[in-house]
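None of the figures in this text is laboratory data; all of them are computed from the coordinates on show. Keep in mind that this is a model prediction, so the values were computed, not measured. Cβ sites come from the backbone with ideal geometry, for glycine too, and all protein chains shown count toward neighbours.
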Amino acid sequence: MFSKILIANRGEIACRVIRTARKLGYVTVAVYSDADRDAPYVTLADEAVHIGPSSAAESYLRVDAILEAARKTGSDAVHPGYGFLSENAAFAQACADAGVVFIGPPPDAITAMGDKALAKQRMLQAGVPCAPGYLGADQSDAVLTLEAHRLGYPLLVKAVAGGGGRGMRLVRSDAELQPGLEGARREAISAFGDSTLMLERLIDNGRHIEIQVFADAHGNAVYLGERDCTAQRRRQKVIEEAPSPVVSPAMREAMGRDAVAAALAVGYRGAGTVEFIVDVHLKHYFLEMNTRLQVEHPVTECITGFDLVEWQLQVAAGEPLPARQGDIHLRGHAIEARLYVEDPYTGFAPQTGTVLHWQPGRTLAVAGQDGGQGYGVRIDDGIAQGSVVTPFYDPMVAKVIAYGRDRSDTIRRLRAALQNTPLLGLKNNGRFLRDLVDHPEFREARMTTTRIDEWLAQGEPLLQAPVVPPAVWQIAALALAQQQGSGWRANSVQCYDMRLQSGTEVRTVRVGSDSQGRTSITLDDSVVQARVLTWQQGELRCELAGIAQTVAAVLAGGALHLAFAGGNYVLSEVSAVPDADALVDASRARSPVAGKVTQLRVAAGDVVVAGQQMVCVEAMKMEMWLCAESAGTVIAVNANPGDQVEAGAVLVALELSTQPAQ
């Protein structure tokens, strides 16, 4: 039915789809925005078409631009990936109207499941268990408040058109309800263009377990086991695994039966995921159905041995499912960790910048890129060394997937893969992910959907920046000394002190060398002999106290970016002249990230108190409030709602109050 596929998406999912499509003999077409002009997926495709500016609203969300790219290239099919237009019924219908095959479910199935309130009504009719909630058309605050009181707290405020955690707020009291309604509406309008909300009783201490379903145009429907997505932060998945450590064969069969019933109830076709929340008694309730391929589909591929993108293409071409329910068997265990460019130790603030080091090929074992090909490690990514990560899209840049004989085997493989695949140049959650899969609550399958958020509020050590190990200071001093050149006279011994800084910590390291080229490194009262063996292509092989090892190390902007024992560190020599802009100044409120100003709550002349919210900046699907650090009067506001701002830009200038604190 088709021979040329346009992938209406970007990043790692575009790379993933292109690989399978090309394996099957299809010609592939990529579309890209200004920000993605040099992205790896663009050159991976056979052809590529520019579709607009960096903003998703002006590029990847433009149906006309994507269909024009399909027309221009002669593409007769479109794969939507996930996110963007993947669950947009109007886009699916527009493809059909243009004579282009949409590799996904029919528009009416997307409509039925895309509206979460309508979907729950359909599920109740089909006999699928659902959590109590409010699905009404009256969206007034008064009615929503009454319904919240009827349901009781805690509850979830959810955008009916939502997905991926957008347009969702957890509300535990009356005081949180109004801000929750306003925040969910604002985010829903921004992400989906629809402010309609629903309420749902929160299943406290629950687990998030989803079922992968597939249906074809011949009346066949199957489920391919479950995925446990309980490890979440702010309703965003962090770790996914298959099978779930708490699901028995009987429970799997019951959930699978309900998931297939949900798909058949809306005339589904293609890949879909039915999401359930499971309470402490292991009773499951329908949450929603995602009418697309999921970010976490690789773990299902590993344990079933099937390439789900290949299944999508076969079903879209009118072929029957390649397997029946009795042919589907689960083997081994798989866990996926989402690598985000965000700082787990500063509230998961998103990061932007240039990738200085990324060599995932060194970590790959035998697990294939499409389907379970044997135990090992698989990495799905959409970046390369030199890639620039911008604030316009999701902060996920790669997925690290481990596949093993059992859960313990898989955790060990994943932990090693995360440690051995460092991303340098941007702060990221790699160390946090490694520590998370090694945490007792994860290892013992005691996580809940809110556990990471609770840890964040409680100051759990897992979310506190790790102390810089002595070896990092020593290796950094060795590397920086070599880069600067020795400067020592022949046949003499010379020593000097090097003041190094990592974050807010400053240490003094003494570096010495003799005529035989031996280097001594003194930190506190410890002296070690060290030497550089080789340093090329971002990999430093050195010997420290008689032990040779290889670490990722890159010099950029006068700083050394170094990966050691699973942690990433940035170290530089302390300048004798301090940078005035780096000093803490409560009179200058700076943007914490590069992003878009979405709200402004102050104007020149306003009097503010310490902690008062002034400006909201959104980047990578996250809202961050800039608050006054001290009481004072606003003397200048340097941004307006809708403005794109750089990290560190001064958004509000204050004249600080001279009155003593009360």
Segment 587-662: GluC sites (Glu not before Pro) in DSSP coil with no more than 15 other Cβ atoms inside 10 Å: Glu646
Computed over the chain: relative contact order in percent, which uses C-alpha pairs under 8 Å that are six or more apart: 9 percent
Cα long-axis angle, helix 116-125 against the chain (0 to 90 degrees, to the nearest 10): 40 degrees
Whole-Hz ³J(HN,Hα) from phi, Karplus 6.51 cos²θ - 1.76 cosθ + 1.60, for segment 452-458, glycine and proline x: 5, 5, 5, 4, 4, 6, 8
Positive-end residue of Cys95, Ala30, Phe84, charge dipole of segment 4-103 with Cβ unit charges: Ala30
Shape box of the chain [Cα atoms, principal axes, largest first, Å]: 85, 63, 54
Under the Debye formula (equal points on every Cα, no solvent term), log10 I(q)/I(0) of segment 470-573 at q = 0.21 Å⁻¹: -1.15
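Kindly identify segment 371-510 as rounded, prolate or oblate by the Cα gyration tensor criterion: order the square roots of the eigenvalues as a ≥ b ≥ c, call it rounded if a/c is under 1.5, otherwise compare a/b with b/c, prolate if a/b is larger, else oblate.
On the way: a/c = 2.14, a/b = 1.82, b/c = 1.17.
Because a/c hits 1.5 or more and a/b exceeds b/c, segment 371-510 counts as prolate.
Give the order of His439, His149, His333, His281 when sorted by the count of other beta carbons within 10 angstrom, beginning with the fewest.
Numbers: His439 18, His149 11, His333 24, His281 5.
Fewest-to-most ranking of His439, His149, His333, His281: His281, His149, His439, His333.
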Ranked list, fewest to most other Cβ atoms within 10 Å of each Cβ, for Leu293, Leu533: Leu533, Leu293
Segment 207-463: Rg to Rh, with Rh as the Kirkwood radius over Cα pairs: 0.96
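Under the 0.36 nm per residue contour assumption, what length would be gained going from the current alpha-carbon distance of Thr550 and Asp204 to full extension?
Details: separation 346, 0.36 × 346 = 124.56 nm, distance 4.54 nm.
Length gained between Thr550 and Asp204: 120.0 nm.
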Cβ-based exposure ranking for Cys542, Cys302, in which fewest neighbours within 10 Å come first: Cys542, Cys302
Two-site label geometry, Glu539 and Ser173: point separation in nm, points 7 Å out along Cα→Cβ: 5.4 nm
In nm, spacing of pseudo-spin labels at Arg518 and Glu573 (7 Å Cα→C-beta vector): 2.5 nm
Percent antiparallel among DSSP beta bridges (both partners in the chain, rounded to 5): 90 percent
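For the chain, what is the mean residue ellipticity at 222 nm derived from helices alone (per DSSP H run of n ≥ 4: -39500 (n - 2.57); sum divided by total residues; nearest 500 deg cm²/dmol)?
Numbers: 16 runs with 169 residues, N = 662.
When only DSSP H runs of four or more count, the value is -7500 deg cm²/dmol.
What is the dipole size for the chain, taken about its Cα centre, with +1 at each Lys and Arg Cβ and -1 at each Asp and Glu Cβ, in debye to the nearest 20?
Details: 61 positive and 75 negative charges, 235 e Å.
Once rounded to the nearest 20, the dipole reads 1120 debye.
Report the local net charge at Val608: Lys and Arg +1, Asp and Glu -1, summed over other residues whose C-beta lies under 15 Å from its C-beta. Numbers along the way, then the final one.
Numbers: positive: Arg588, Arg601; negative: Asp606, Glu629, Glu655.
Summing Lys and Arg as +1 and Asp and Glu as -1 gives -1.
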